[in-house]
Amino acid sequence: MNMHSLNRSPSDPSRSLPSFPEVTSVGVQDGPLAVISAALKAARRHRYAVAAWVIFCIGCAALYVATTASSYTATAVLLLEPRRPAGSGSEGALAPSLDVGRAESELQVLRSERLLANVFNSLQLANNPEFGPETSEKSEAPTPDPKGLPGQQTTQPPDSVILEQRKFENFSDRFTVRRVGQSYVVEVSYTSKDPTLARRVANAAVSAYLWQSIAAKADAAKNGAEFLQGRVNALSSQARAAATAVSEGTLPATPTPDADARVIGAALQPLKPSAPRKALILGLGATIGVVGGLLAVALLQALDRRVRTPQDLVQRAGIPCLAVMPEVSRKTANGRREPVDLRNAAAPWLLDVRFAAGIRDLRTSIQLALASRGQDAECVIALVGCTRHSGTTLIGLSLARLLQEGGGTARLIDTNIHNTTSPLLAGNFDADSASLAELINNPGRIASAKLHDFGGVSVLPARSPYKPVSSGAFLGSPAFQSVIDHMRRGGYVILDLPPLSTSAESRVAARRADVVVIVAEAGRATVDDLLDVTNGLIGVGANVIGAILNRA
């Protein structure tokens, strides 16, 4: 097994990935499916945050809908239909045609300021509060311009004129004229907070257009050579009817055949508001919430360097995943959950079914690695935490118990001799039991050393709670190798090593093990931590076979 060959990481060229023959791409998704799968897993992991964001967006949309005043749109439909003027010739003469350019010109007539001003004045909308405050009849006197030449004064428009102009602009901004496709049908719409006003303005605009067309023909008839009194009277009657309809906000009461247009749909009073579109706004809020939440999750996933899944170990760190351990906890009397007592590790299957399955997977992976080297017993297994409190002690005790259940002998050595709060010192510690620090300082006691019984597992604590640790205790000393050689006779030895970040002696101790397993805590250990630990161990010649994803 070539443990020293290194590959460059495509995501971080400054770091190197260790090469493990056990790593294989079979069964590992890649490409767009892997991205989608990772995004969905991240969304499930942050489901509460995404749900809260979606609810917030929908709430903002609902608040906007609730606080926005409703508006109504009334639409009148007009058909442009030019007629042949009277006295234009024989019956077979063709009627004037209406081309595309003429139709667009008529649309501009409907949008013209002259027509809209006629509607605005005829309906007396200057004092309508919807377009602004009422116009004061008293106007201020002209004020001199300080920038003007001496002896000269320039006048500014009175405030009432400016205010009325702003009202007219507010009125015209709500007016819409639209041609239906390529036809000669024109929709004249007006939007207002008052549905009655919307209907009156739309109908008045159509009537104003008819009145302008008829008035122009009446003027032409009066000045033309074909002047006929009857014709003039008919046009005048139609013009008066159209003008009256403009002032009343309705359509002409009498037909207007000479208007070159025909009303095919009067503006009806709206029965429901046209804005805000509540369903559309709420749907847009929900869409923004979902899409924004997923984008945020995808961004966090891209920036997140923490290891959470076995795929992260293989794809991002290049380390085989030997086993996946769940979080093991127990309920207390008050319903809270707290870490399980280490003494329960004497029976790992009693902790959690998935935890027991992970321990069995770990045992199988270790045995396969030993078999490839021609070993199956009397071997040393080292567990190195990637970060502090990675759970190496619980895993080591459970593995030792499982190996003993298989008919072998297993002993656990706690090597963290500088830790004063070791969990293995809890309970009734026998004062006659030896400790690793004492055996390193006094190698003559190794043969007669009494191990500590911890829940059915023979344990050599790192230190005694009753005696201080000498400064000469060092894992790199030959005495530590003598302790390992003595304990490995006839069985397995499991070394519980502290993280490399807290003790550089773990590198020296890892070299004395036949196989080294890294323990990474899911959601806490990062890819950089894993690379640092793995490359640090491989750099000193340790036989790293893979990693465990703990508390997944």
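The values are calculated or read from the model by the stated rules, or taken from the named source; none is laboratory data. Small disclaimer: the values here were computed from a predicted structure and weren't measured. Note that we place each Cβ from the backbone using ideal geometry, even for glycine, and neighbour counts take in every protein chain shown.
What about Ser365, is it touching a strand residue (DSSP E or B) at 6+ places or on another chain (Cβ under 6 Å), at pLDDT 85 or above, closer than 17 Å to Asn550 by Cα and not aliphatic (A, V, I, L, M)? Against the criterion (touching a strand residue (DSSP E or B) at 6+ places or on another chain (Cβ under 6 Å), at pLDDT 85 or above, closer than 17 Å to Asn550 by Cα and not aliphatic (A, V, I, L, M)), Ser365 qualifies.
Taking first residues from region 289-303 that are on the phi < 0 side of the Ramachandran plot and partners that are outside any helix (DSSP H, G or I), the Cβ contacts under 6 Å between residues at least 6 apart in sequence or on separate chains come to Val297/His46.
When only residues in region 450-463 that are outside any strand (DSSP E or B) and surrounded by fewer than 19 Cβ atoms within 10 Å (Cβ to Cβ) count, which is modelled with the lowest pLDDT? Steps first, please.
Within region 450-463, the first condition is being outside any strand (DSSP E or B), and the residues that meet it are 450-451, 455-456, 461-463.
Those still in the list that are surrounded by fewer than 19 Cβ atoms within 10 Å (Cβ to Cβ) too: 450-451, 455-456.
On the way: Lys450: 82, Leu451: 84, Gly455: 74, Gly456: 79.
Here the residue is Gly455.
When the residues of region 191-206 are narrowed to those that are in contact with a Ser or Thr (Cβ under 7 Å, 6 or more places away or on another chain) and not hydrophobic (A, V, I, L, M, F, W, C), which ends up surrounded by the most Cβ atoms within 10 Å (Cβ to Cβ)? Filtering region 191-206 for residues that are in contact with a Ser or Thr (Cβ under 7 Å, 6 or more places away or on another chain) and not hydrophobic (A, V, I, L, M, F, W, C), the one surrounded by the most Cβ atoms within 10 Å (Cβ to Cβ) comes out as Asn203. Among the residues of region 401-419, write down those that are outside any loop (DSSP other than H, G, I, E, B) and among the β-branched types (Val, Ile, Thr). Once the filter is applied, which keeps residues that are outside any loop (DSSP other than H, G, I, E, B) and among the β-branched types (Val, Ile, Thr), region 401-419 yields only Ile413.
So which strands (runs of 3 or more DSSP E) are wholly in region 164-268 and hold at least 1 residues that are at pLDDT 80 or above and not β-branched (Val, Ile, Thr)? Write out each step before concluding.
Numbers: elements: 175-179, 185-192, 261-265.
Here the list reads 175-179, 185-192.
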